[in-house]
Amino acid sequence: MMETNIINKEQPVIYYTTLNNSITSKTKETVNRYFSDEIVIRMDRCTNPRLKIRQYLSKELIVEVCRLTGIHHRELKEIYYAENGKMVFRDNKYFISMSYSQNFIACYLGMVKVGVDMEVMGELPLTNKISVLQNLTDETVKGKLDFYTLWTKIESIVKFYDNIDMYKVLQDKMWKSTSLAIGRYINNNLIFSIATEKIEKIKIIKL
């Protein structure tokens, strides 16, 4: 069992874990207890079984991250979905960023604004995927690491902002011009790109 870490403004912590394949009664009870009716109703209306499972389990992870970081669970009632589909806190009291890849899920919750993207680095992506990324970015992608580094960097920038989408990032080539600090972390076959306003000492913990 991990001990609670009271929020440290100087060191954002990213938690990640593997997803289960089903929603238990305990998961539903936890989500219904801590999240707003708006959030729960939106999830229950989801008609894609796989997406619905992911939504419920991500909320359960957020509850656990609250416990680990010392954020009171009552704050979760202040989360809502923005127009672009991102979860945000009212009045930006806290910041949240989620990422999914295959059966992994990553969550950041804290007082420093952070954009997180995580990907499982599988076999070298199909040639057409590399070609598409090169055409979109005008960057040279030589192999698997280049591909995932560039892709997660772009995604982390998208996830940092509440009002900027992928099209804007690609159009303006923001991964080149951004003033954000982008950290890259590799753990076995997982790669994380983390966008922050300044260089932060990032801690990544597997649950």
- Item | Hydrodynamic radius (Kirkwood) for the chain, which is based on Cα pairs only, to one decimal in Å | 17.9
- In a shell of Cβ-Cβ distance under 15 Å around R42, excluding R42 itself, what net charge do Lys and Arg (+1) and Asp and Glu (-1) give? +3
- Task: Answer rounded, prolate or oblate for the range 100-204, using the Cα gyration tensor with square roots of eigenvalues a ≥ b ≥ c: rounded when a/c is under 1.5, else prolate when a/b is larger than b/c, else oblate.
- Result: oblate
- Percent of all Cα-Cα pairs per 10 Å bin for the range 15-89, counting from 0 up to the last occupied bin, reads 18, 56, 26, 1
- Item | When the convex hull of its Cα atoms is projected in every direction, mean area for the range 41-124 (nm²) | 6.7
- Query: What are the ³J(HN,Hα) values, in whole Hz, obtained from phi via the Karplus relation 6.51 cos²θ - 1.76 cosθ + 1.60 with θ = phi - 60°, for each residue of the range 83-97 in sequence order, with x given for Gly and Pro?
  - Reply: 4, 7, x, 7, 7, 9, 8, 4, 6, 6, 5, 10, 10, 9, 8
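Could you give the length gained on full extension between D44 and N188, defined as 0.36 nm per residue of separation minus the Cα-Cα distance, in nm?
In short, 48.3 nm is gained.
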- Query: Which pairs, out of K52/K206; K28/K153; K28/K86; K52/K142; K26/K144, put more than 31 Å between their alpha-carbon atoms?
  - Reply: K28/K153; K52/K142; K26/K144
- Under the Karplus relation with 6.51, -1.76 and 1.60 and θ = phi - 60°, whole-Hz ³J(HN,Hα) for the range 157-162, x at Gly and Pro, equal 5, 4, 6, 5, 8, 8
- With each run of n ≥ 4 DSSP H residues scored as -39500 (n - 2.57), what mean residue ellipticity at 222 nm is computed for the chain after dividing by its residue count and rounding to the nearest 500 deg cm²/dmol? -11500 deg cm²/dmol
- HN-Hα couplings for the range 192-198 via Karplus (6.51, -1.76, 1.60; θ = phi - 60°), in whole Hz with x for Gly/Pro, come out as 10, 10, 10, 9, 9, 6, 8
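Note down the net charge around N189, summing +1 for each Lys or Arg and -1 for each Asp or Glu among other residues with Cβ under 11 Å from its Cβ.
Working: positive: K144; negative: E119, E123.
Residues close to N189 contribute a combined charge of -1.
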- Item | On Cα atoms only, tilt of 49-69 relative to the major axis of the chain in degrees | 70
- Message: Below 15 angstrom from the Cβ of T24, what's the summed charge of the other residues (Lys, Arg +1; Asp, Glu -1)?
- Response: +3
- trypsin sites (Lys or Arg not before Pro) restricted to DSSP loop in the range 106-187 with at most 11 other C-beta within 10 Å: K142
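The numbers here are math on the coordinates, done by the rules we state, and not lab data. Quick caveat, the model's predicted, so the values are computed rather than measured. All Cβ positions, glycine included, derive from the backbone under ideal geometry; neighbour counts span all protein chains shown.
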